[in-house]
Amino acid sequence: MSKATVSASKSGSPAGASAAGVDLGVDHSIELGHGNSPAAWTCVIVMLVGALIASIAFVIASTPIFIAGGIVMLVGLVLGFAMRKAGYGVGGSKLKNSGH
């Protein structure tokens, strides 16, 4: 085995990387929210129920129930989008941040 140390080459650094460390111009002070909103939670829960229905239908080999599960997943997607447009998404007008 070799006892040589491995060091990174500076010639392969990405555009915008500084010599002291990697700084790709990303502003980390902005709060992303990570989708914590009633619209996102509703969308995910409805789509999970649809996936569960489709999974069970796949195991029991029932095409109509499998299609129904897919339709439930699409309904969840549309419902989440509609709730976001109605103001229940991240930073929506219907959500008031109380600071807690």
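Taken together, the values in this text are just the output of simple stated rules run on the coordinates, not laboratory data. Keep in mind that what you see is a predicted model, and the values were worked out from it rather than measured. With ideal geometry, Cβ positions are generated from the backbone for all residues, glycine too; neighbour counts draw on all protein chains shown.
Cβ crowding within 10 Å, taken as a proxy for footprinting-reagent exposure, orders S37, S29, S55 from fewest neighbours to most as S29, S55, S37. Exposure proxy for T42, T63: other Cβ atoms within 10 Å of each Cβ, ordered fewest to most, give T63, T42.
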